[in-house]
Each structure stands twice: as C-alpha cells, then as structure tokens.
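**Student:** Before I ask anything, let me first share the structure, which is written out below as structure tokens.
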Amino acid sequence: MKYTSKKNNFFTNKKSVFLVNEDASSYNTKKTSFLYYHDPSFNIRLFKGDSLNILAKANPESVDMIFADPPYFLSNNGISCHAGKMVSVNKGYWDKSMGVIGNYEFVKKWLALCQRVLKKDGTIWVSGTSHIIYSIGFAMQELGFKILNDIIWYKINPPPNLSCRYFTHSTEIIIWATKDKNSHHFFNYKLMKTINNGKQMKNLWSIMPPTKDEKKFGKHPTQKPITLLDRIIKASTKDGDLVLDPFCGSSTTGVAALMNNRKYIGIDMSEEYLSLSVKRLEEAMKLKYNEESLFKKG
C-alpha cells in the first residue's frame with residue numbers, strides 16, 4: 001500500500017490522515033482508521049475505518065459531490081436467486097438490521113456528517129431499496145436537505161422472486177439532493193439531453209447490472225454498474241471536482257470519477273473490498289494514462 005504525508009484538504013490536521021483512534025459505535029467496534037491508499041497523480045485516496053468517525057474529523061464544506069450506497073439492512077437469513085441458483089441474501093455483519101429505530105438513527109448520523117462535509121452548492125446521491133430508502137428520505141427532510149429527484153434505476157433482467165408471493169424486485173431508488181434549500185447546485189442539463197438523443201432525460205434509468213469485466217478482480221455483493229455512476233458524475237460534477245463515497249465497497253464510484261477527471265475519496269471498513277478497490281483503480285489509472293499518452297502523441 002502507498003502512504004504519503006501530502007496535505008489533504010479533506011482533513012483538519014495531518015495526524016488524522018494517518019491514524020485515527022475510533023470510538024465504539026453501534027455500527028462498528030473499536031478499530032483503527034487510516035489512509036489505506038493514495039495516488040497523488042490522480043488525486044485518489046482510500047481510507048479504512050468507520051465512516052462515522054472519519055467524516056467527523058473531516059473539514060466542513062470540502063466535498064463537491066457524494067454518492068452513498070449505505071447498508072440496506074437486508075441480511076435476514078433469507079434466500080435469493082443468482083445465476084439460476086438459490087443463494088443467501090446475507091451480505092455481512094455490516095448489513096444486519098438494528099431494528100427500525102436503530103437503522104434510522106444510523107442513517108441520520110451519517111447523513112448529518114455528509115451534509116457537514118458537502119460544499120454549499122454540492123449535491124448528494126443516496127441509493128436504496130424499500131427496506132431503507134424511506135428512512136433515508138425522511139432523515140434528509142429532517143436535516144434540511146432539498147430533494148431534487150428520486151431516480152428509479154430499473155435493473156434489466158433482475159433475479160426472480162422465489163416465493164411467488166409478491167412482485168419481482170427490479171428497481172432501486174436513488175435520491176438526489178442539495179445541502180439545503182439555499183444551494184445553487186450544478187446540473188449538466190445539456191449533456192444529459194445530448195446523451196438521451198436530444199430529449200430531456202427522465203428519472204427512470206434502464207441500466208444493466210455490472211458486467212463480468214467489472215467483477216474480474218472480485219465482486220462486492222451490492223456492486224453498482226459503472227454506467228450508473230458515470231451518468232451520476234457527469235450529471236452533477238465538473239472537471240476536477242472532489243467526489244466522496246463513504247461506503248465505497250469496490251470503488252465503482254472511484255473508477256467512474258477517475259474516468260471523468262474527478263478527484264476521489266473512498267471510505268470502507270473492509271480490507272477485502274479496499275484491496276479490490278486498489279486493483280480496480282490501478283487498472284483504470286493505467287487505461288487513463290495510456291489514453292492521455294495517445295492523445296498527446298496525436
């Protein structure tokens with residue numbers, strides 16, 4: 001792993017970049033969070049630890065855009081279908097429900113911390129299913145966020161419903177919001193219209209799940225497709241903006257940010273998924289470097 005003492009405006013002091021003694025929380029036991037990986041040439045940083053504690057030590061109004069794919073609290077020992085086989089829905093201890101109130105309290109805590117680090121005119125995108133999205137929306141309204149859109153991501157070819165007792169789950173909701181009602185957010189309206197064949201883009205997005213190539217280094221149980229994050233980043237950020245993912249997993253957000261010349265900070269508690277993030281990011285960096293080299297030669 002790479003370590004560096006280069007100044008990071010995301011944090012108030014240099015010590016917190018390297019080592020932070022975390023307090024116990026309902027979401028995580030006492031562990032150590034630290035700078036896990038840094039590539040200064042592409043302005044990429046990965047931090048290992050509890051987002052609640054890391055975000056609390058970050059500078060206020062330091063991030064242009066946040067994409068958050070938090071725990072959906074789906075791990076209830078149930079089963080689902082994947083590639084024609086019955087599989088457990090359990091993702092890990094981080095996805096176990098703490099009860100309706102406990103889940104809501106956790107959601108409100110991390111949203112408040114995200115609101116604090118978000119720049120005045122920045123925006124946040126939060127994904128979820130019916131299991132958690134209503135808590136997220138209510139907490140955002142309580143905290144004073146201004147909700148701009150609820151994007152419906154329609155998953156083409158979703159897994160079937162094995163119980164046959166309700167409709168097949170084929171969508172996720174992504175809430176897009178500003179820091180508060182006085183924010184003047186950026187929206188790349190013209191580009192979104194251009195890539196939608198000259199028509200205003202609607203809030204219903206039909207996007208395929210991650211491809212095999214996106215999972216070639218390993219897979220995360222809730223991995224999002226590059227196409228989804230690419231659209232989100234293009235729609236709501238400018239060249240050189242800083243994008244934060246507080247539950248980064250395998251860093252699909254980071255790969256999309258890198259592809260679009262954005263800076264990136266990812267936070268996760270899992271060594272496994274951070275290691276996977278590094279592999280994916282370094283491959284994307286090589287592709288980006290080769291692309292820029294060809295452009296310069298041309």
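The values are calculated or read from the model by the stated rules, or taken from the named source; none is laboratory data. Note that the structure is predicted; figures quoted are calculated from it, not measured. FYI the Cβ positions are ideal-geometry reconstructions off the backbone, even for glycines, and counts take in every protein chain you see.
**Student:** Take segment 89-109 and flag every residue that is of a type in the set (Val, Ile, Thr) and either at pLDDT 85 or above or part of a helix (DSSP H, G or I) (or both).
**Tutor:** VAL100, ILE101, VAL107
**Student:** Does LEU228 fit the bill of being of a type in the set (A, V, I, L, M) and part of a strand (DSSP E or B)?
**Tutor:** Criteria not met by LEU228.
**Student:** Out of all the residues in segment 172-219, which are surrounded by fewer than 11 Cβ atoms within 10 Å (Cβ to Cβ), among the polar types (S, T, N, Q) and assigned to a strand (DSSP E or B)?
**Tutor:** SER206
**Student:** Scan segment 73-88 and give yes if some residue there is at pLDDT 90 or above, within 30 Å of LYS202 (Cα to Cα) and surrounded by 19 or more Cβ atoms within 10 Å (Cβ to Cβ), otherwise no.
**Tutor:** No, that holds for no residue.
**Student:** Another question, then. Output the residues belonging to segment 134-157 that are small (Gly, Ala, Ser), in a helix (DSSP H, G or I) and surrounded by fewer than 17 Cβ atoms within 10 Å (Cβ to Cβ).
**Tutor:** Across segment 134-157, there are no qualifying residues.
**Student:** Which of the numbered conditions does LYS179 fail, given that it passes all the others? Conditions: (1) in contact (Cβ under 8 Å) with a residue 40 or more places away in the chain; (2) of a type in the set (Lys, Arg); (3) over 21 Å from LYS119 (Cβ atoms).
**Tutor:** In the conditions (1) in contact (Cβ under 8 Å) with a residue 40 or more places away in the chain; (2) of a type in the set (Lys, Arg); (3) over 21 Å from LYS119 (Cβ atoms), LYS179 misses (3) alone.
**Student:** Take segment 232-264 and flag every residue that is in contact with a helix residue (DSSP H, G or I) (Cβ under 6 Å, 6 or more places away or on another chain) and within 19 Å of LEU111 (Cβ to Cβ).
**Tutor:** VAL243, ASP245, PRO246, GLY249, THR253
**Student:** What's the number of the only condition in (1) part of a loop (DSSP other than H, G, I, E, B); (2) closer than 16 Å to ASP230 by Cβ; (3) not aliphatic (A, V, I, L, M) that ARG165 fails to meet?
**Tutor:** For ARG165, the exception is condition (2).
**Student:** Looking for whichever is touching a Pro at 6+ places or on another chain (Cβ under 7 Å) and on the phi < 0 side of the Ramachandran plot here; the options are ILE207, ILE232, ILE226, ILE175. Which one fits?
**Tutor:** ILE207
**Student:** How many residues does segment 110-133 hold that are modelled with pLDDT of 95 or more and either part of a helix (DSSP H, G or I) or polar (S, T, N, Q) (or both)?
**Tutor:** 11
**Student:** Say we look at segment 220-240 and pick out the residues that are of a type in the set (Ser, Thr, Tyr) and modelled with pLDDT of 95 or more; which of these is surrounded by the fewest Cβ atoms within 10 Å (Cβ to Cβ)?
**Tutor:** THR227
**Student:** In segment 245-274, what residues are aliphatic (A, V, I, L, M) and closer than 19 Å to ASN188 by Cα?
**Tutor:** Taking segment 245-274 as the starting set, the residues that turn out to be aliphatic (A, V, I, L, M) are 255-259, 265, 267, 269, 274.
If the condition is that a residue be aliphatic (A, V, I, L, M) and closer than 19 Å to ASN188 by Cα, then ALA256, ALA257, LEU258, MET259 are the ones that fit.
**Student:** Considering only segment 241-261, state which residues are surrounded by 24 or more Cβ atoms within 10 Å (Cβ to Cβ) and either of a type in the set (D, E, K, R) or within 17 Å of ASN59 (Cβ to Cβ) (or both).
**Tutor:** VAL243, LEU244, ASP245, PRO246
**Student:** Considering each residue of segment 265-292, count those that are among the β-branched types (Val, Ile, Thr) and out of contact with any helix residue (DSSP H, G or I) (no Cβ under 6 Å at 6 or more places or on another chain), and give that number.
**Tutor:** So the first thing to find is which residues in segment 265-292 are among the β-branched types (Val, Ile, Thr), and the list is 265, 267, 278.
Still in the list and also out of contact with any helix residue (DSSP H, G or I) (no Cβ under 6 Å at 6 or more places or on another chain): 265, 278.
Final tally of qualifying residues: 2.
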